[in-house]
Amino acid sequence: MSEIAKITLDGETHELPVIVGSENEKAIDISKLRGKTGYVTIDPGFKNTGSTTSAITFLNGEDGILRYRGYPIEQLAEKASFLEVAYLLIYGDLPKKAELDAFENEITRHTMVHEDMKTLLRAFPAGAHPMGVAASLIVSLSTFYPESQDPNRDKEAVDLSIVRLLAKLPTIAAWSHKFSERHPVIYPKNKYNYVENFLNMMFELPTEEYKVDPIVAKALNTLLILHADHEQNCSTSTVRVVGSSQANLYASVGAGISALWGPLHGGANQAVIEMLEAIRKDGGDIDKWIAKAKDKEDPFRLMGFGHRVYKNFDPRATIIKKAADDVLKALGINDPVLDIAKQIEEIALKDEYFVKRGLYPNVDFYSGIIYRAIGIPTEMFTVMFAIGRLPGWIAQWKEMLEDKSPIGRPRQIYTGSAVRNYVEIENR
Ligand code: SDX
């Protein structure tokens with residue numbers, strides 16, 4: 001017998017259905033609440049509010065569980081390729097060999113971008129933040145493919161937009177880097193796989209071949225997989241809301257990139273390295289900075305710490321921390337900020353302020369250390385997050401359309417002035 005919730009308002013008791021998910025998560029369905037009672041609910045930041053059901057990603061913040069379409073992140077990070085995981089998230093199952101080969105081949109064939117993209121890139125000032133460039137150029141892709149404007153076009157048209165986005169974002173990212181350095185761009189080469197192609201476009205010089213280090217390629221593949229989806233986070237919710245107006249996929253993803261930029265979200269990976277560098281330059285006095293993070297009067301927060309859902313360890317941070325050790329050791333790099341990060345984690349996890357609030361390292365705390373070891377510029381870190389999160393944004397946008405979700409339009413409670421009449425300016 002399905003559960004119901006009872007709520008008594010103005011002396012009248014109303015029954016609301018309870019829905020139960022496949023992992024036994026429960027929700028009170030309030031979709032008819034206003035019609036029944038005249039009341040709406042309010043929940044700033046949606047801390048207690050589910051916006052949708054979804055079959056894509058399951059995470060359990062108390063137990064530190066993260067699964068993509070049921071597969072544990074630990075297994076995917078260890079055994080899968082990023083495009084394999086992208087296919088899984090978007091189409092629902094791990095691809096058979098022929099399916100993966102076809103998917104990879106399609107993406108390889110679409111890695112080139114229109115030469116006019118260079119005109120757009122040239123318009124940005126030197127030193128333009130690559131997230132601003134990426135968001136602009138991704139939305140501009142819709143102008144090069146006007147047929148992609150209608151998200152409800154036939155499956156082939158949607159699949160082609162999906163392939164174009166996955167194929168072209170790494171090229172756009174690498175070219176924005178080359179333009180910011182005022183270096184000539186490096187074209188994608190079909191002999192490389194997805195990760196190798198990106199690394200080559202980022203680091204090859206016309207004067208010098210770039211040799212892809214398998215350790216670096218494996219580390220990047222792991223990082224992209226770990227960032228691929230994370231249920232209804234800020235940027236994914238943004239993609240869903242923008243897409244719910246029937247805006248095209250490029251516009252929806254461009255909005256997601258903009259939301260991800262914030263330092264409370266994906267921008268934290270850049271903020272973490274800047275914070276660790278500041279602590280190092282300040283003499284490495286960890287206790288001083290931990291005290292600042294705990295001081296309510298001090299705006300400083302421990303970037304890379306805390307999470308809306310994980311009130312225990314973030315399983316991605318556990319994997320990334322180990323990968324950071326392995327990559328730096330393999331590359332023979334001794335990065336002092338890694339030691340500072342480990343000291344911060346050790347001290348914070350024994351500190352009642354952090355333990356009581358369930359504040360642990362999140363996905364952004366160690367990822368920048370690997371990006372730095374690979375040679376990715378700090379301002380590109382959040383673009384790396386966007387490249388990783390792109391399959392998740394696409395999968396969630398596609399599910400939202402397939403579920404025929406209504407346009408996202410929350411209600412509010414008005415707290416402004418009561419009605420009043422216009423006053424001529426001379427009488428104000
Ligand atoms: C991502 O949602 C996702 O899934 C996101 C993400 C994904 O994959 O998409 O996982 C990626 O965005 C990871 C988070 C990256 N952001 C940061 O590392 C920035 C630093 N973290 C915080 O700003 C904060 O922890 C948030 C934004 C991540 C979560 O904020 P919440 O859930 O709104 O929690 P809160 O701000 O209400 O904090 C609860 C308490 C507060 O103290 P009290 O008012 O209870 O006394 O914890 C404190 C906060 O002051 N707190 C921190 C802190 N984070 C929270 N104190 C010091 N340092 C911090 N980092």
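The values are calculated or read from the model by the stated rules, or taken from the named source; none is laboratory data. Quick caveat: nothing in here was measured; it's all calculated off a predicted structure. Here the Cβ is made from the backbone with ideal geometry for all residues, glycine too, and neighbour counts use every protein chain on show. Accessible surface areas use protein heavy atoms only, side chains included; no ligands, DNA or RNA. Shrake-Rupley method; radii C 1.70, N 1.55, O 1.52, S 1.80 Å.
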So for segment 280-302 (the condition being near the ligand (Cβ under 9 Å from one of its atoms), open to solvent by 40 Å² or more (accessible area, probe 1.4 Å), in contact (Cβ under 8 Å) with a residue 40 or more places away in the chain and outside any helix (DSSP H, G or I)), does at least one residue qualify?
no
Set I42, I73, I28, I7: member being open to solvent by 70 Å² or more (accessible area, probe 1.4 Å) and touching a strand residue (DSSP E or B) at 6+ places or on another chain (Cβ under 6 Å):
I28
Looking only at residues in segment 76-103 that are open to solvent by 60 Å² or more (accessible area, probe 1.4 Å) and within 19 Å of S161 (Cβ to Cβ), which one is farthest from the chain's Cα centre (by Cα)?
E99
Looking only at segment 231-251, which residues are open to solvent by less than 10 Å² (accessible area, probe 1.4 Å) and either of a type in the set (A, V, I, L, M) or within 16 Å of the ligand (Cβ to nearest atom) (or both)?
S235, T236, V239, L249
Working only within segment 349-377, note down all residues that are among the β-branched types (V, I, T), in a helix (DSSP H, G or I) and surrounded by 14 or more Cβ atoms within 10 Å (Cβ to Cβ).
V363, I369, I370, I374
Taking E346, is it of a type outside the set (F, W, Y), assigned to a helix (DSSP H, G or I), farther than 22 Å from T57 by Cβ and not assigned by TED's automatic domain parsing to the domain that holds M275?
no
In segment 216-230, what count of residues is obtained for those that are in contact with a Phe, Trp or Tyr (Cβ under 8 Å, 6 or more places away or on another chain) and more than 9 Å from the ligand (Cβ to nearest atom)?
6
Specify the residue that is farthest from T222 (Cα to Cα); the eligible residues are those in segment 351-364 that are within 7 Å of the ligand (Cβ to nearest atom) and hydrophobic (A, V, I, L, M, F, W, C).
L359
Could you please give the count of residues in segment 199-229 that are touching a residue at least 40 places away in the same chain (Cβ under 8 Å), open to solvent by 10 Å² or more (accessible area, probe 1.4 Å) and not aliphatic (A, V, I, L, M)?
4
